[in-house]
């Protein structure tokens, strides 16, 4: 069984993968990241956010809908425009990934 | 110092490859954006672009020679020939020695690179085509123009991503002004509609899946384009002496670097380039009537560019007419600045401001006059064409009525 399938069947591990991907993209120790850690507080720039999203898509074989301007707003914590941000903390990211993985699994089972 | 004028315009564009078709397309807001036809789209999420659709290489090149030219070089050579014809320029042996060729290009021969890599990595080919390297090199376009027209003066390529064309025109302007070249062929060319290029742009998450709507609240990103525009620049005295048509006079060129973000526009850097161009032209902000904007149709660019124009023009920003040609032409990267300089020059020549097409609703973050959807008859004494590139490289040129 591939790592991807293992992650998909054990949602609890998703948060650890997310922490690892965020830590690697931002070059910070993984211990520094809790589910409550906000991406904007880590000094993530918009391209970092796009790279994190790319890493998650590759790892979990999912598609995360995100535009560059959302990445920029996430990085600067600018919540203007009234759009709902898909995530702002590491925990939010894991939750979003979990949902997308579940949706993919459900679709595959159909 | 020489006064420098534009006497020839040649275009290869998604809305036609004659000066007349190009101009009528811009004025009528006839967008060249449509479904991609030149490459397989099954692996693409973004399936639209502003492609050059009426271009048949065999009409322009000897079958024995065409294999040497990547699509971006084909566009460049065809545009350069058209510019020379338009300028009614007789390139004598003496003039050829002092003729500069400066071409902006962002990506090089990516069609050649994509095809070659697909064969090597995708189909396990064991060898590359012998002309791969001369086709794909970034200077191929300027070299092939110089060979085609026999131009023997200073010849080189400028690569500054989406500002390449504007940098090339500005550089040529400076050289003709200083007498370092007797005449210059300058502009930009790009042919970047490949699977590899589009996948890369998709990953940046700045692409629109439907169309390009610059400065509109409903804008959803940029759309790639392709094409070329080349110009004949020469000293005003030279043009007058030979009775050449004069489209307009180049007045100023400004450049800057943001030294900040690799992709996001920095309003301070952009405003510095605009101010530098005004200073070089020795004019006041009030003297500019029309700005052909970079206007990519991304959320960040259009907002940032509006801030930059307000910073650079101050109170005069309110009287500016600003339009983006990218809803019609798409974003042709290294050719964009050149195609937009063609739009700007023809606007000054015809005294008509081409509109921002696909404009649906005003955005509170973009609060200038964007000439939405309908061309405007309006006196234009002086106009500006601006490009703000990835990598934070900015180039702005100023042109006045002949």
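The values are calculated or read from the model by the stated rules, or taken from the named source; none is laboratory data. Given the structure is predicted, the values throughout are model-derived calculations rather than measurements. Here the Cβ positions follow ideal geometry from the backbone for every residue, glycine too, while neighbour counts run over all protein chains shown.
Quick one: is residue B:163 within 25 Å of residue B:397 (Cα to Cα), crowded, with 24+ Cβ neighbours inside 10 Å and at pLDDT 95 or above? Yes, satisfied.
Does residue B:229 satisfy the condition of being in a helix (DSSP H, G or I), in contact (Cβ under 8 Å) with a residue 12 or more places away in the chain, buried (at least 21 other Cβ atoms within 10 Å of the Cβ) and more than 14 Å from chain A (Cβ to nearest Cβ)? No.
Of the candidates B:187, B:254, the single residue that is assigned to a strand (DSSP E or B), modelled with pLDDT of 95 or more and assigned by TED's automatic domain parsing to the domain that holds residue B:363 is B:254.
Screening the candidates B:383, B:389 for the property of being over 16 Å from residue B:28 (Cα atoms) and under 13 Å from the mean Cα position of the chain (by Cα) yields one hit, B:389.
Scan the stretch B:285-302 and give yes if some residue there is more than 13 Å from residue B:384 (Cβ to Cβ), out of contact with any helix residue (DSSP H, G or I) (no Cβ under 8 Å at 6 or more places or on another chain) and within 14 Å of chain A (Cβ to nearest Cβ), otherwise no. The answer is yes, given that some residue of the stretch B:285-302 is more than 13 Å from residue B:384 (Cβ to Cβ), out of contact with any helix residue (DSSP H, G or I) (no Cβ under 8 Å at 6 or more places or on another chain) and within 14 Å of chain A (Cβ to nearest Cβ). Before we move on, is residue B:207 buried (at least 19 other Cβ atoms within 10 Å of the Cβ), over 30 Å from residue B:84 (Cα atoms) and under 22 Å from the mean Cα position of the chain (by Cα)? Spelling it out, residue B:207 is indeed buried (at least 19 other Cβ atoms within 10 Å of the Cβ), over 30 Å from residue B:84 (Cα atoms) and under 22 Å from the mean Cα position of the chain (by Cα).
Every listed requirement among (1) at pLDDT below 90; (2) within 14 Å of chain B (Cβ to nearest Cβ); (3) under 12 Å from the mean Cα position of the chain (by Cα) is met by residue A:83 save one, (3). Scan the stretch A:25-50 for residues that are within 14 Å of another protein chain (Cβ to nearest Cβ) and surrounded by fewer than 17 Cβ atoms within 10 Å (Cβ to Cβ) and the total you get is 1.
Candidates B:357, B:317: the one that is over 20 Å from residue B:165 (Cα atoms) and buried (at least 24 other Cβ atoms within 10 Å of the Cβ) is B:357.
Residues of the stretch B:49-63 that are surrounded by 13 or more Cβ atoms within 10 Å (Cβ to Cβ) and part of a helix (DSSP H, G or I): B:57 alone.
Applying the criterion of being surrounded by 17 or more Cβ atoms within 10 Å (Cβ to Cβ), part of a loop (DSSP other than H, G, I, E, B) and facing another protein chain (nearest Cβ under 9 Å) to the residues of the stretch A:51-76, the residue that is farthest from the chain's Cα centre (by Cα) is A:67. Checked against the criterion of being buried (at least 24 other Cβ atoms within 10 Å of the Cβ), assigned by TED's automatic domain parsing to the domain that holds residue B:164, free of Cβ contacts under 8 Å to residues at least 60 places away in the same chain and in a helix (DSSP H, G or I), the stretch B:109-116 has at least one qualifying residue. Residue selection: residue B:215 fails the criterion of being touching a helix residue (DSSP H, G or I) at 6+ places or on another chain (Cβ under 7 Å) and in a strand (DSSP E or B). For the stretch B:64-80, the tally of residues that are in contact with a helix residue (DSSP H, G or I) (Cβ under 9 Å, 6 or more places away or on another chain) and surrounded by fewer than 18 Cβ atoms within 10 Å (Cβ to Cβ) stands at 3.
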